[in-house]
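The block underneath contains the structure these notes are about, expressed in structure tokens.
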Amino acid sequence: MRVLVTGAGGRLGRVVLPRLRAEGWDVRATSRRARTGSWVVADLATGEGVVEAVAGVDAVLHLASAPNRGRQTHRVDVLGTRRLVVAAGQSGVRHLVYVSIVGVDRVPIPYYRHKLAAEQVVAAGAVPWTVLRATQFPEFLDGMLRGASRLGPVIGDPAVLAQPVDPGEVADRLVRRLTAGPLHGIEEYGGPEVLRFDDAARAWTAARRSRRPLLPVRIPGGIGRALRSGGLVTEATPKGVRTWADHLADTYGGTGAR
Ligand SMILES: NC(=O)c1ccc[n+]([C@@H]2O[C@H](COP(=O)([O-])OP(=O)(O)OC[C@H]3O[C@@H](n4cnc5c(N)ncnc54)[C@H](OP(=O)(O)O)[C@@H]3O)[C@@H](O)[C@H]2O)c1
């Protein structure tokens, strides 16, 4: 069985590829730049290489995305997904798995609107489908905390809830879903624990041996309300098992860079 993986060089793609191969899938991977081996060039924003990429594959695992890039996000995530779905339908692909984000239907941020629209494109297409919505990867939360502490203190809304999930565990779930066949529905997958932003931030500063204080700033409006009321978390089971503390130990160990 041959699978095409879009966005295969990204954070999730890098951990998905070895798992697919271990399960016996013949993998074709896409990137916008030429690479050797089982890679093909495809650009979802322009359509370059998309028809050729899906030719002869049994399944598509669609990971490519251009987060928070305004019109480019629309071009890649919505129009690009439509291009991919149409091309996959025309070449007889039997299953398309799309990875989305828990909360795209609840948290009114622009990137999420695009992801939700892309889910709808997938569901309306001719190819049998599965959507897996994952919560945030710990690396995303880590990057956000770095950004939030650029001015000194860690600035953030203490009551925002997050449920970080290890990308390797999301990759395992995706491979399982791909192998199980089309769900014609949406599955959610989250990490083992729901954390408040202030607790996550305190663990983060401790792991980095930093004394930065938390400067609480309430996120206003509907986005703030959605984030505080659990818009990014899910009760779905099964869940991942790797915790935020595991991520911090792996990343900062005993040395902890400030
Ligand atoms: N990060 C998270 O916390 C998180 C959580 C839940 C779900 N997700 C979802 O999981 C998926 C993968 O996330 P990730 O963190 O692995 O993303 P990532 O590291 O940003 O990788 C995304 C990939 O998309 C590809 N891409 C960008 N523009 C493209 C275009 N015009 N045409 C074709 N490919 C393009 C890029 O590949 P090239 O540069 O090689 O072309 C890039 O490697 C996304 O759909 C994201 O929404 C992410």
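At-a-glance table
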quantity: Test set (1) within 15 Å of the ligand (Cβ to nearest atom); (2) under 26 Å from M1 (Cβ atoms); (3) in contact (Cβ under 8 Å) with a residue 60 or more places away in the chain - V121 fails condition number; calculated: (3)
quantity: Selected residue (criterion: nearest to the ligand (Cβ to nearest atom)) from residues of the range 1-24 that are surrounded by 21 or more Cβ atoms within 10 Å (Cβ to Cβ) and in a loop (DSSP other than H, G, I, E, B); calculated: G7
quantity: Residue in the range 157-175 that is of a type outside the set (D, E), more than 16 Å from the ligand (Cβ to nearest atom) and not in a loop (DSSP other than H, G, I, E, B) present; calculated: no
quantity: Residue among T234, T251, T205 that alone is surrounded by 13 or more Cβ atoms within 10 Å (Cβ to Cβ), within 20 Å of the chain's Cα centre (by Cα) and under 13 Å from D142 (Cα atoms); calculated: T251
quantity: Of residues in the range 135-156 being touching a helix residue (DSSP H, G or I) at 6+ places or on another chain (Cβ under 8 Å), within 14 Å of the ligand (Cβ to nearest atom) and open to solvent by 30 Å² or more (accessible area, probe 1.4 Å), the one nearest to A203 (Cα to Cα); calculated: E139
quantity: Some residue of the range 150-166 being closer than 30 Å to V54 by Cβ and either of a type in the set (S, T, N, Q) or within 17 Å of the chain's Cα centre (by Cα) (or both); calculated: yes
quantity: Test for G191: is it outside any helix (DSSP H, G or I) and of a type outside the set (A, V, I, L, M, F, W, C); calculated: yes
quantity: I186 closer than 22 Å to I109 by Cα, open to solvent by 40 Å² or more (accessible area, probe 1.4 Å) and either modelled with pLDDT under 95 or within 14 Å of the ligand (Cβ to nearest atom) (or both); calculated: yes
quantity: Members of the range 25-48 that are more than 9 Å from the ligand (Cβ to nearest atom) and part of a loop (DSSP other than H, G, I, E, B); calculated: W25, A34, T36, G37, S38, G47
quantity: Long-range neighbours under 6 Å by Cβ, at least six apart or interchain, first residue more than 25 Å from V60 (Cα to Cα) within the range 132-150, second within 9 Å of the ligand (Cβ to nearest atom) and open to solvent by less than 20 Å² (accessible area, probe 1.4 Å); calculated: P138/P164; L141/P164
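The values are calculated or read from the model by the stated rules, or taken from the named source; none is laboratory data. All figures in this text were calculated on a predicted structure; none of them were measured in a lab. So basically every Cβ, Gly included, is an ideal-geometry build from the backbone, and we count neighbours across all protein chains shown. Areas reflect the complete protein model, heavy atoms only, side chains present, ligands, DNA and RNA absent. Shrake-Rupley method; radii C 1.70, N 1.55, O 1.52, S 1.80 Å.
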